[in-house]
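Taking it in order: structure first as structure tokens, then the write-up.
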Amino acid sequence: MAYPGYGAPAGGFPGMPPQQQDPLYGYFSQVAGQDGQISADELQRCLTQSGISGSYQPFNLDTCRLMINMLDRDMSGTMGFNEFKDLCQALNGWKATFSSFDRDQSGTVEGHELQQAINTMGYNLSPQALNCIMKRYSGNGKIPFDDFVSCCVKLRALTDQFRRRDTAHSGSASFQYDDFIQVTMSV
């Protein structure tokens, strides 16, 4: 029950920008520091300290770069608050998917679990494509959360780039060589 004079009025605190009213903003501003942007190094520390990967190992720096590139709308190489908020939403979704298929709670998913997870996220990949993913991300047939996130980031980013070029929604796109290199090297 709300009492007059306690807490913020409906709609938040007067004079505060809406993003600063978001509960994530305080955490973001601590991580981002003075410049108001999060670099790959800062994101790595943030994710490692948050424990989202379920381990005390540092989150892979390359995965952090990939996540920033995936959401970097202003092409700054860093992440602003709205981009960070989108990343948190994506990470929470990936974590939920990962956890639901890591049935033995080992902190890894195996090939058949990965296939089910990828299908659940709406991707329809061939057995050959899934085999490539397993070869790329697994160690001894198991994929830890950090590598699962890296895989999800690449799938999402490459699919987004493909969809932009598949204007007829036919499952086919045409790339110039330079465009292909730019797309694949930015992911």
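Assorted remarks:
- Between residue 82 and residue 140, residue separation times 0.36 nm minus the direct Cα-Cα distance comes to 17.1 nm.
- Of every Cα-Cα pair in the chain, the percent that sits beyond 22 Å: 55
- Helix content alone sets the calculated 222 nm mean residue ellipticity of the chain: runs of n ≥ 4 DSSP H residues at -39500 (n - 2.57) each, divided across all residues, give -18000 deg cm²/dmol.
- Folded to 0 to 90 degrees: helix 127-137 orientation relative to the chain principal axis, Cα: 60
- At full extension, residue 125 and residue 49 could sit 24.0 nm farther apart than now, given 0.36 nm per residue minus the alpha carbon distance.
- Between residue 172 and residue 99, the simple spin-label model (points 7 angstrom out along Cα→Cβ) gives 4.4 nm.
- Point-to-point label distance, residue 164-residue 187, nm (Cα→Cβ direction, 7 Å offset): 1.2
- Diffusion constant of region 28-98 at 25 °C, which comes from Stokes-Einstein with the Kirkwood Cα-pair radius and 0.890 mPa s, µm²/s: 201
- Computed from the C-beta positions of residue 30 and residue 72 and an R0 of 25 Å, the FRET efficiency is 0.75 to the nearest 0.05.
- Largest first and in whole Å, the equivalent-ellipsoid semi-axes of region 126-187 read 25, 13, 11, each the square root of five times a Cα gyration tensor eigenvalue.
Readers should treat all values here as calculations from the given coordinates under stated rules, not as data from a laboratory. Since the structure is predicted, the reported quantities are computational estimates derived from the model, not experimental observations. Backbone-built Cβ (ideal geometry, glycine too); neighbour counts: all protein chains shown.
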